[in-house]
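Accompanying notes for the structure given below.
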Amino acid sequence: MASSDEPPTRAKAVNLSSADKDGKASLSGTQFLTVAEVASMMRVSKMTVYRLLHNGDMPSVRVGRSFRVPAEAVHEYLQTSYFDAG
């Protein structure tokens, strides 16, 4: 039971794939990455990736005790975080 004192979650919705004819999302073509794979791709520590997931900055799916991150979400996060330091 949720209390009104709890802060709202900040996870962003990501369009993982197109909807099928019934309006349900199809995940058949979605590639999911482990936290270690995301960390390697972004060249950061696994703890940094966990912080992004827990803060809601990057969407993820919980599978048992581990997290899986849609590859598209990683690319989208990097594109929106990019800035020119020149």
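The values are calculated or read from the model by the stated rules, or taken from the named source; none is laboratory data. Quick caveat, the model's predicted, so the values are computed rather than measured. Every residue, glycine among them, receives a Cβ derived from its backbone with ideal geometry; neighbour counts consider all protein chains shown.
Data overview
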{"quantity": "Residue that is surrounded by the most Cβ atoms within 10 Å (Cβ to Cβ) [pool: residues in the range 50-86 that are out of contact with any Leu (no Cβ under 8 Å at 6 or more places or on another chain), in a helix (DSSP H, G or I) and among the hydroxyl-bearing types (Ser, Thr, Tyr)]", "calculated": "50"}
{"quantity": "Check on residue 47, in a loop (DSSP other than H, G, I, E, B) and modelled with pLDDT of 95 or more", "calculated": "no"}
{"quantity": "Failed condition for residue 18, given (1) among the hydroxyl-bearing types (Ser, Thr, Tyr); (2) loosely packed, with under 13 Cβ neighbours inside 10 Å; (3) at pLDDT 60 or above", "calculated": "(3)"}
